[in-house]
Structure formats: C-alpha cells, structure tokens
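Right, one structure below, let's go through it.
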Amino acid sequence: MAYAAIVNEVIDVPALTERVSGVDNGAVCVFIGQVRRNSRGREVAYLEYQAYAPMAAKQLLRIAEEAEAKWGCEVGVEHRVGRMELCEASVVVVAGSRHRAQAFEACRYCIDTLKERVPIWKKEVCPDGSFWIEGEEAIEVSDVPRETGS
Amino acid sequence: MRVTVLCWGHLTDYFGSDGFEVELPEGATIQIAVTLLEQREPKAAGLTRRCRYALDEEYAPLETPLYDGCTVAILPPMSGG
C-alpha cells in the first residue's frame with residue numbers, strides 16, 4: 001500500500017526502504033534528494049523547506065498511488081521540512097517491484113511529479129543573502145514590513 | 001463571509017506564514033480573494049499571476065466560488081525535491 005509523509009526530522013532511509021522490501025520484490029530502487037553546496041552559481045550554507053503540510057501529504061500520497069497503479073509496484077515517499085544542512089536528505093523515494101524496470105520508472109515518476117505538484121518551497125540561505133526558489137526563479141527574501149499597503 | 005487565506009513561498013515575506021481571515025461578499029471567488037491581496041501589497045501584484053490556487057487543500061481554478069469558513073491557499077511555483 002502506498003505510503004507518503006511530510007516529516008520534520010531526519011529521514012530514516014532504512015525504515016522507509018523496509019516498507020517496499022517484501023519477499024515478492026526482486027528490485028528495490030531508492031532515490032535520495034540531498035542538499036547541494038552550489039545553486040545557480042551561489043554557494044549554499046543550508047536550506048529551509050516549507051510545506052503546506054496537509055495538502056502536500058495528500059498530493060504526495062496520490063503520486064505514490066499513481067505510481068503503484070501504473071507500474072504494479074510498492075512505493076514510499078517522505079519529504080522533510082525545516083532546516084537542512086549540506087548532504088542531508090530533503091526527500092527520499094523508494095519503490096519495490098518484482099523486476100527492476102518498474103522500480104526505476106516508479107521512482108523517477110514520483111520525484112519528477114512531486115516537483116510539479118506538491119506544495120513545498122525551498123529557501124536557499126547563502127552567505128550573500130537568502131532566496132526563495134520558485135520554479136526556475138530565485139527571489140531574494142524580502143524584509144518588507146507586513147503592514148505595507150494596508 | 002469569512003475566508004481564511006494562506007500564502008506560501010516568498011508571499012510569506014509580505015503576508016506572514018500563519019494565514020489570516022478576510023471578509024468577502026457572498027458569491028466571491030478565489031479571484032476576488034487574490035485581488036484583495038494584490039491591493040494590500042502592491043509588490044505582490046504581478047507575482048500572484050504565476051501562482052496556482054487551492055480551496056480546502058485541493059487545487060482549484062480562479063473562478064471557483066468560496067463559502068463561509070473555507071480556506072484559500074495561494075501557491076507560488078513549487079520547489080520541493
């Protein structure tokens with residue numbers, strides 16, 4: 001059965017993998033998205049992920065269910081939110097299937113679709129400023145007072 | 001009617017991340033709520049046009065009618081992963 005969650009703590013990759021490692025599966029594919037040091041030519045100190053958690057969890061689960069139905073496999077996904085240091089995992093997708101092709105495809109589908117559809121946003125904190133990443137755009141974090149315009 | 005508005009991504013710099021309530025006329029749509037936000041913060045005007053929208057945690061188009069007690073979310077382009 002598909003599993004998906006938005007978590008605040010370090011993702012437990014072995015525990016997640018265990019969910020799709022039943023005796024009927026000959027292949028288990030694990031995708032880990034982790035915090036990279038460079039982004040768009042800037043050095044990254046750390047990342048902060050923000051999620052519209054209830055909606056994000058629903059969307060993640062739907063994606064995992066779609067992958068299970070399409071490739072006849074078992075899928076688990078966890079996305080972490082909050083502050084993450086370099087090399088820490090922000091997202092982990094696991095897929096288990098009888099043969100490897102289905103697990104690879106399901107994994108790829110989940111991570112690609114997640115980026116389009118799951119309401120999660122990343123802020124890159126760099127030595128020279130902080131930036132919201134929105135699609136292809138990096139928007140410098142603004143400190144404007146909220147009462148502006150009211 | 002009272003509607004809760006949630007903003008995300010860079011919009012939280014303008015509107016905060018906790019959400020807030022607005023009073024809207026009966027028959028108002030997501031578009032009306034978005035226009036209200038743009039009036040509140042002119043810097044957000046061009047930006048909300050590239051957003052997607054959700055009503056009660058499900059994607060919904062701008063013309064979706066709202067109802068008392070509902071929650072509208074303004075979702076800028078996403079960057080999960």
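The values are calculated or read from the model by the stated rules, or taken from the named source; none is laboratory data. The model shown is predicted, which means the values in this text are computed figures rather than measured ones. For neighbour counting, all protein chains shown are included, and Cβ atoms are generated from backbone atoms with ideal geometry for every residue, glycine included.
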Would you confirm, using the coordinates I've provided, whether A:Arg117 is basic (Lys, Arg) and away from chain B (no Cβ under 12 Å)? no
Unique match (being free of Cβ contacts under 8 Å to residues at least 12 places away in the same chain and more than 7 Å from every other protein chain (Cβ to nearest Cβ)) among B:Glu58, B:Glu63, B:Glu23: B:Glu58
For region A:16-35, indicate whether the set of residues that are modelled with pLDDT of 95 or more, in a helix (DSSP H, G or I) and farther than 29 Å from B:Tyr59 by Cα is non-empty. yes
Taking A:Ala2 as the residue in question, decide whether it is closer than 24 Å to A:Trp132 by Cβ, of a type in the set (A, V, I, L, M, F, W, C), touching a residue at least 60 places away in the same chain (Cβ under 8 Å) and crowded, with 18+ Cβ neighbours inside 10 Å. no
By residue number, the members of region A:46-87 that are within 14 Å of another protein chain (Cβ to nearest Cβ), closer than 26 Å to A:Ala27 by Cβ and not in a helix (DSSP H, G or I) are A:Val77, A:Glu78, A:His79, A:Arg80
Would you mind stating whether A:Ile11 is assigned to a helix (DSSP H, G or I) and of a type in the set (A, V, I, L, M, F, W, C)? no
Among the numbered criteria (1) of a type in the set (A, V, I, L, M); (2) within 12 Å of chain A (Cβ to nearest Cβ); (3) buried (at least 18 other Cβ atoms within 10 Å of the Cβ), which one does B:Ala33 miss? (2)
Residues satisfying the stated conditions in region B:46-56, i.e. surrounded by fewer than 18 Cβ atoms within 10 Å (Cβ to Cβ) and part of a loop (DSSP other than H, G, I, E, B): B:Gly46, B:Asp56
I'm told A:Gly129 meets every condition in (1) in contact with an Asp or Glu (Cβ under 7 Å, 6 or more places away or on another chain); (2) on the phi < 0 side of the Ramachandran plot; (3) not basic (Lys, Arg) except one. Can you identify the failing condition by its number? (2)
Taking the condition of being under 28 Å from B:Tyr59 (Cβ atoms) and out of contact with any Asp or Glu (no Cβ under 7 Å at 6 or more places or on another chain), how many residues in region A:41-75 meet it? 21
I'd like to check something: does region A:131-138 contain any residue that is more than 24 Å from A:Asn38 (Cα to Cα), in contact with a Phe, Trp or Tyr (Cβ under 9 Å, 6 or more places away or on another chain) and surrounded by 13 or more Cβ atoms within 10 Å (Cβ to Cβ)? no
Over region B:1-45, the set of residues part of a strand (DSSP E or B) and among the basic types (Lys, Arg) is B:Arg2
Which residue pairs have Cβ atoms under 6 Å apart, sit 6 or more places apart or on different chains, and have a first residue in region A:21-47 that is within 15 Å of A:Ser90 (Cα to Cα) and exposed (fewer than 12 other Cβ atoms within 10 Å of the Cβ) and a second that is of a type in the set (A, V, I, L, M) and at pLDDT 95 or above? A:Arg37/A:Val44; A:Arg37/A:Leu86
